Amino acid sequence: MLVEELIRTYAPLALFSSLLVFSPLIEGGTVHLSVLIVRLILLAACTLWLIFSMRSGWIAIQSSPPFPASAIFVLWAGFAAIRSPYTAMSLQWLISILSYAAMLFLVVQFVEATKQVRWLVVVLLGMGCFEAAIGSYQFLWAGDSRAKGTFVNPNFFASYEVVVFSLAFGLLCFGSCGTAKRWEKLCLWLTAGMTGGAFVLAQSRGALLGFTVAVGFVGLCRFGKVFLAALALCLLVGVVVPN
């Protein structure tokens, strides 16, 4: 029983941590092989989940609030791929979206304990800081015109930093409602500062839309409409003032 409990706790952590560490590095080298590895790992994990569920006698699916919205988005993406004039490229992106949906499904099924969630959050925040450090070095000291981290495209890098910044920002907004320690808040402030600065150095207008939506949603839930007004004012200043 002890061995089974250890496997149940740490096997998902090893799987998801490896994906979190590996995924932002795939843009720097043999992209097709790296993406294939990620997709095969997800396919194998889904297959193992199905096999173990069938052995237990029934397939129990843990539900999650994002599932309906994710299903609608996947269906819409499939419809758009069928209607797209660039079918081959659209199908590639559809497969990527299905991979993201599979990752969400597996996390909900396998991650059950709070300590597992905390571990994965730490890994994701750490990767965000790692990428931010590389991007900041590229822009400030290496002479690159835009920060891009290990990504080939600065827009992908900026989008990745938006995700990590949004997570850190959400934890800062709601950490005071829980049991967050002072050193944990300090680490979150450091992460938010590094990833937010790296996002700015990437100079991605596309990622700015994602930043506005994500940060605006978190701020609305925490501070109400006044936060949206302040965010809109900052965006207006950014448009009016040359930068």
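Of note:
- Contact order relative to length of the chain, as percent, for alpha carbon pairs under 8 angstrom and 6 or more apart: 18 percent
- Direction-averaged projected area, Cα convex hull, region 17-139: 10.0 nm², rounded to one decimal.
- Signed unit charges on C-beta, dipole axis of the chain, positive-most listed residue A80, L36, L209: L209
- Adding -39500 (n - 2.57) for every DSSP H run of four residues or longer, then dividing by how many residues the chain holds, sets the calculated 222 nm ellipticity at -27500 deg cm²/dmol.
- Difference of contour (0.36 nm per residue) and Cα-Cα distance, W58 to I7: 16.3 nm
- Across the chain, the longest piece that holds none of the chymotrypsin sites (Phe, Trp or Tyr not before Pro) lying in DSSP loops with up to 11 other C-beta atoms within 10 Å covers 142-243.
- Axis angle, to the nearest 10 degrees, between helix 114-140 and the longest C-alpha principal axis of the chain: 40 degrees.
- Length added when fully stretched, S18-Y86, from 0.36 nm per residue minus Cα-Cα: 21.2 nm
- Fluctuation leader among P66, P154, P24 - the chain, Gaussian network, Cα springs under 10 angstrom: P66
Coordinate-derived values only; no laboratory data. If you're wondering where the values come from, they're calculated on a predicted model, not measured in any experiment. Counting neighbours? That spans all protein chains shown, and the Cβs are built from the backbone with ideal geometry, glycine included.
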